1. May I ask you to list pairs of residues, at least six apart or on different chains, whose Cβ atoms are under 7 Å apart, with the first in the range 28-50 being under 11 Å from Phe11 (Cα atoms) and the second being part of a loop (DSSP other than H, G, I, E, B) and β-branched (Val, Ile, Thr)?
2. Taking into account only those residues within the range 251-267 that are touching a strand residue (DSSP E or B) at 6+ places or on another chain (Cβ under 9 Å) and hydroxyl-bearing (Ser, Thr, Tyr), which is surrounded by the most Cβ atoms within 10 Å (Cβ to Cβ)?
3. Could you check, for the range 69-92, whether at least one of its residues is modelled with pLDDT of 90 or more, within 31 Å of the chain's Cα centre (by Cα) and outside any helix (DSSP H, G or I)?
4. Could you identify the single residue in Ala24, Ala33 that is hydrophobic (A, V, I, L, M, F, W, C), part of a helix (DSSP H, G or I) and either loosely packed, with under 15 Cβ neighbours inside 10 Å or touching a strand residue (DSSP E or B) at 6+ places or on another chain (Cβ under 6 Å) (or both)?
5. Just checking, which of Thr123, Thr114 is touching a strand residue (DSSP E or B) at 6+ places or on another chain (Cβ under 7 Å) and modelled with pLDDT of 90 or more?
6. Working carefully through the options Ser223, Ser187, find the one that is surrounded by 15 or more Cβ atoms within 10 Å (Cβ to Cβ), more than 23 Å from Val99 (Cβ to Cβ) and among the polar types (S, T, N, Q).
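The values are calculated or read from the model by the stated rules, or taken from the named source; none is laboratory data. Only a predicted model underlies this, so the values are computations on that prediction, with no experimental measurement involved. Please note: Cβ atoms are built from the backbone with ideal geometry, for glycine as well, and neighbour counts cover all protein chains shown.
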Amino acid sequence: MPAFSRFIRYFVAVGRHGSIRKAADELNLSASAIDRQILNVEAQLGLPLFERLPTGLKLTAAGEMMMASAHRWEQDMAGLQARIEDLRGLKRGHVEIAVIDALAKGYVPAAIRTIQEEYPGITVGLRVLSNDGVRRAIADGEVDFGIFFEPQSYRDLTVRSFVEVVLGFVTLPGHPLAGMEEARFSSCVGYPVVAPAEPLAVHQQVAVLEGATNVPLERRATSNNIQMVLSLVMQEMGVGILTSLDVMEEVRSGALHFTRISDPLLRPMTLALCTLSARTPSHAAATVLRVIENGFASLGHGKHE
């Protein structure tokens, strides 16, 4: 087992970098030691795992098969280690979570702090990805669970908790729109707008509204980053268009105001906490899931006020 795991570690690093020297630098080993391991396995298989090209190393068909098996082995070993810890009754282990950008502040960091205080033996890895990136990370088994928008069409996922999130205008407190709890999309006509860009999930809803209402947006700026949209609004660049989730902390502090867009054609977005249906959470993952599920309802529109 140790010899095999050592080879897998070397092989994956070389495959990722396309270079034995770069893999050696990453692993803090000599290039000759890594090369020797790979040559020994290639000799046992009777097939090369890499094409040796002037530009670097490229996986052969056999190498591609080996890489896929290596990733599955790494995931299986991580799951086995977690289950063994469960048998020992220890509240420890590592949990990988993927979330969208809007959750990089507020509720999720606070929940992780609670987990660390109550279960110091559990470590957490947090990945902030695009909406589709979170879905793929769950489906590929790269994370224990994730939180993202609109999971309904993916049958391989199990929805553990969900809330509804709405679209709205984000303004400074003194702005004319700030006096309204809700307004039609056309209310932003005449005001410069800071609009979300792809791959943000909210970008699609804005595009649908523009197409259906024929309301021309006076785009002063666009960004694919939520914090940048908020920062531009705070710099008086214009009216932002985001979800209630994106601006939750700023509304709570009084720094910004959120006005829900009330057009009937606009449906709330579903924010969901999801796991892979075919994967049983480890004891550590189940523990973290429970903590995050307990307060998940607070992420819905109006629940935090």
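1. Pairs that qualify, where the first residue is under 11 Å from Phe11 (Cα atoms) and the partner is part of a loop (DSSP other than H, G, I, E, B) and β-branched (Val, Ile, Thr), are Leu49/Thr60; Phe50/Thr60.
2. Thr259
3. no
4. Ala33
5. Thr123
6. Ser187
Here is a yes/no grid of residues against (1) in contact (Cβ under 8 Å) with a residue 24 or more places away in the chain; (2) over 21 Å from Arg267 (Cα atoms); (3) part of a strand (DSSP E or B); (4) touching a Leu at 6+ places or on another chain (Cβ under 8 Å):
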| site | (1), (2), (3), (4) |
| --- | --- |
| Gly141 | yes, yes, no, yes |
| Phe148 | yes, no, yes, yes |
| Gln152 | yes, no, no, no |
| Val159 | yes, no, yes, yes |
| Glu164 | yes, no, yes, yes |
| Ser186 | yes, no, no, no |
| Glu198 | yes, no, no, no |
| Val202 | yes, no, no, yes |
| Val208 | yes, no, no, yes |
